[in-house]
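The values are calculated or read from the model by the stated rules, or taken from the named source; none is laboratory data. Predicted model only: the values in this text are computed from it and were never measured. Note: ideal-geometry Cβ built from the backbone for every residue, glycine included; neighbour counts use all protein chains shown. All accessible areas refer to the heavy atoms of the entire protein, side chains included, with ligands and DNA or RNA removed. Shrake-Rupley method; radii C 1.70, N 1.55, O 1.52, S 1.80 Å.
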Amino acid sequence: LNAEEYERRARQLVPAAVWDYIAGGSGAERTLAANELAFDRYQLRPRVLVDISHRSIATELFGATLAAPIGVAPTAYHRLVHPEGEVATARGAGLAGVFHVVSIFASRSLEEIAAATDAPLWLQLYWLRRREVLARLAGRAADAGYRALVLTVDTPVLGERLRDVRNGFALDPSIRAVNLDVELTETVHRKQEAASALAIHAGETFDTAITWADLAWLRTVSSLPLLVKGILTAEDARLAVEHGVDGIVVSNHGGRQLDGAVTTLDALPEVVAAAGGRCPVLVDGGIRSGTDVFVALALGADAVLVGRPVLWALACGGDAEVANLLGMLTRGLDHTMALAGRPTLASIDSSAVRR
Ligand SMILES: Cc1cc2nc3c(=O)[nH]c(=O)nc-3n(C[C@H](O)[C@H](O)[C@H](O)COP(=O)(O)O)c2cc1C
């Protein structure tokens, strides 16, 4: 009936080290905890005697019509929790009428995922040192009908995820980032004492030298809309807009990168103000219910992404449970709109909440 139930059930189903990989954050996990708590600081200001008999939560994003302003956040290696992996996730998103941002570290091929669903798909990229790999992925995504690229910019190096370090976490060789060449993924499978193979892998493959100026290169290899994910300040939102991005995702990577970073809900208003309506602003981190979606929209988000809850639902039963989770969020948003007297997305403004 809610995300928490999926969380409890998934925890019983998933191996302990995989659970730690999914649940964990970086450092002392302060930002991880703060993301969810941030929602508790907001209360709704319901309006009454409003005609809510016709409500509409469908929306358009990059040319696709969505049942709700909700998408699946990019998360790596879905086959860790379900044999069908991203294929099941994408099918679930399609059933719920929302979009799916496929991770560069997906454990099913971009083409298999696209063939399985009519959900709008976007591809998330980390900037690898081997640029030609990015160019190839962007080309494959466009050919397979993906509608946008999402460059994650909060991960020049991997956050210190102590749970993974403690577990010496490495990926079983049966679960691979299949969209990348084998030689680019080897280290992620090499188990080491008191070290995260994922962090070592990122250290070997990610380009730590890129700056705003490099976005222009990505533009030369793809004409898909380009979003940047991991913006937390007005300064960077302005730079993003100046560099012509098509969308911004306010994100702290679910508390997995810079521990102590501002919560996404707190960063959202300044980013929205700085973007000034020049591109859509999305947000992720700690969104667990339709009410949470409502609060994010009231603070100016055009849409939200949901990370861990999708993995919990996937672990519990594949596409049907993913569809159920996303449907619950959609219905929860609709229900909140009805009781708050805000029947349209446009009517959910900052007066709908108080801090
Ligand atoms: C297990 C896991 C794997 C993730 N993998 C990626 C990834 O490959 N690329 C990326 O941009 N973000 C990744 N993220 C971050 C999510 O896209 C998203 O920002 C975050 O999960 C949102 O917070 P939430 O889990 O509280 O909803 C990952 C998050 C988790 C929990």
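Calculate, in nm to one decimal, what Arg238 and Ala33 gain on full extension: separation in residues at 0.36 nm each, minus their alpha carbon distance. Present the calculation step by step, with values, prior to reporting the outcome.
Values: separation 205, 0.36 × 205 = 73.80 nm, distance 2.79 nm.
Once the chain is fully extended between Arg238 and Ala33, it gains 71.0 nm.
Rolling a 1.4 Å sphere over the protein heavy atoms, what is the accessible area per residue of segment 97-164, to the nearest Å²?
On the way: 2270 Å² over 68 residues.
Result: 33 Å² per residue.
Report the full-extension gain for the segment Val157 to Glu112: residue separation times 0.36 nm, less the Cα-Cα distance, to one decimal in nm.
Full-extension gain reported as 13.3 nm.
How much net charge surrounds Gly260 when only the other residues with a Cβ under 15 Å from the Cβ of Gly260 are counted, with Lys and Arg +1 and Asp and Glu -1? All intermediate terms of the calculation are to be shown ahead of the outcome.
On the way: positive: Arg30, Arg161, Arg256; negative: Glu29, Asp154, Glu160, Asp259, Asp266.
So the surrounding residues net to -2.
Measuring from label point to label point, each 7 Å out along Cα→Cβ, what is the Thr220 to Asn2 span in nm?
In this crude spin-label approximation the distance works out to 5.2 nm.
For the chain, what % of the accessible area comes from carbon and sulfur atoms, probe 1.4 Å?
The computed percentage sits at 52.
Enumerate the helices in the chain for which the Kyte-Doolittle hydropathy averages -0.5 or more and the C-alpha atoms extend at least 27 Å along the helix's axis, using complete DSSP H runs.
Helices meeting the criterion: 308-340.
Along the charge dipole of the chain, Cβ charges K/R +1 and D/E -1, which of Ala96, Tyr126, Leu61 sits furthest on the positive end?
Among Ala96, Tyr126, Leu61, the one farthest towards the positive end of the dipole of the chain is Ala96.
If you place +1 on the Cβ of every Lys and Arg, -1 on the Cβ of every Asp and Glu, and leave all else neutral, what size is the dipole of segment 235-355 about its Cα centre, to the nearest 20 Debye?
Values: 9 positive and 14 negative charges, 70 e Å.
In total the dipole reaches around 340 debye.
Give me the accessible area per residue for segment 223-352, probe 1.4 Å, as a whole number in Å².
Details: 3790 Å² over 130 residues.
For segment 223-352, the solvent-accessible area averages 29 Å² per residue.
With charges set only on the Cβ (+1 for Lys and Arg, -1 for Asp and Glu), what does the dipole of the chain come to about its Cα centre, in debye to the nearest 20? Don't skip to the answer; put the middle values down first.
Values: 34 positive and 41 negative charges, 91 e Å.
Approximately 440 debye in magnitude.
Take the Cβ-Cβ distance between Gln12 and Asp181 as r, set R0 to 22 Å, and report the resulting FRET efficiency rounded to the nearest 0.05.
Efficiency, rounded to the nearest 0.05: 0.05.
Between Asp246 and Arg354, 0.36 nm times their residue separation minus their Cα-Cα distance comes to what?
Working: separation 108, 0.36 × 108 = 38.88 nm, distance 2.98 nm.
Result for the pair: 35.9 nm of gain on full extension.
Sort Arg190, Arg161 by accessible area with a 1.4 Å probe, largest first.
Arg190, Arg161
Could you list the residues of segment 329-355 with an amide nitrogen less than 19 Å from a label point located 7 Å from the Cα of Gln43 in the Cα-to-C-beta direction?
Counting only backbone N, you get 336-337, 339-342, 349-355.
So, R0 is 25 Å and r is the distance between the beta-carbons of Phe62 and Arg131; what FRET efficiency does that work out to, to 0.05? Each step should come with its number before you reach the end.
Values: r = 24 Å, r/R0 = 0.96.
In this case the efficiency is close to 0.55.
Determine the per residue accessible area of segment 14-67 with all protein chains present and a 1.4 angstrom probe, expressed in square angstrom.
Dividing the accessible area of segment 14-67 by its residue count gives 57 Å².
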